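Comments concern the structure below.
Just so it is clear, none of the values below were taken in a lab; they were calculated from the coordinates. Fair warning: this is a prediction, and the values are worked out from it, not measured in the lab. Neighbour counts run over all protein chains shown; Cβ positions are idealised from the backbone, glycine included.
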Amino acid sequence: MIKAPRIAPSILAADFADLGTDIARVEPHVDMLHIDIMDGHFVPNISLGIPVIASIRRRSDLLFDCHLMTTNPDAYLEPLREAGADQVTVHIEVFPDPSSVAALAREQDLRFGIVLNPPTPFEAVEPFIEICDMIVVMSVHPGFGGQSFIDSVLPKIEKTRKFVDSAGLAADIEVDGGIDTSTIGAARAAGADVFVAGTSVFGAPDSVAAVAELRAASSRE
Ligand code: DX5
Ligand code: ZN
């Protein structure tokens, strides 16, 4: 069953020289924090790592949703947990069978999710949905913030929602990339219930107002 919309600001678009302030401002108004970890191999960019997560954990009580865009995320689950991660999501393109990495995440008491890149079909994740707390449909090619929403992923969100609901599962469906007031409504209508938003929140002059605008726009198709 689709849950109330939840907003997950991506700190990739925050001011890294003033990260604590940027997070504290939105903290009372958002549902979790999306943390993009990139290794320069799986994606052509390097973002942030475990010491940064440990630092912001000391300033925030939000759920930390860690999106692992790395080739060997399984090697870092324990340090991620120790640094304060609550949830990890790994790419199905890295783990065509994610059963073992899911088990490792459970051992660390981490919530677990699988991410699909735009060209990857729903069928790649279908056999593993039952082991997921969340399925993440990328609506941009991973690696960079500030890209445009790819409309052609909407049918994949719909398919995922139909499958989750008809199997009676409680998994969240997150959409990541290019979410703003003009795209969130369509993603919601397709069945997403967690919305990652980087540029449209931290790039806005007033990040708190931007979160409120996203919530309002989520019910407009
Ligand atoms: C892209 C990241 C996204 C990114 C979203 O690789 O996974 O989470 O931060 O940024 P916006 O909202 O700017 O598209
Ligand atoms: Zn992300």
The one condition in (1) under 21 Å from A212 (Cα atoms); (2) surrounded by fewer than 20 Cβ atoms within 10 Å (Cβ to Cβ); (3) not charged (D, E, K, R) that L12 fails to fulfil
(2)
Counting just the residues of segment 82-92 that are surrounded by 17 or more Cβ atoms within 10 Å (Cβ to Cβ) and more than 18 Å from A171 (Cβ to Cβ), which one comes out nearest to the chain's Cα centre (by Cα)?
A85
Within segment 34-42, does at least one residue satisfy the condition of being away from ligand 1 (no atom under 13 Å from the Cβ) and under 19 Å from I184 (Cβ atoms)?
no
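Which one is nearest to D36 (Cα to Cα) among residues in segment 128-157 that are more than 15 Å from ligand 2 (Cβ to nearest atom) and among the hydroxyl-bearing types (S, T, Y)?
Of everything passing the filter in segment 128-157, S148 is nearest to D36 (Cα to Cα).
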Of the conditions (1) within 18 Å of G84 (Cα to Cα); (2) in contact with a Gly (Cβ under 6 Å, 6 or more places away or on another chain); (3) within 13 Å of ligand 1 (Cβ to nearest atom), C66 clears all except one; give me its number.
(2)
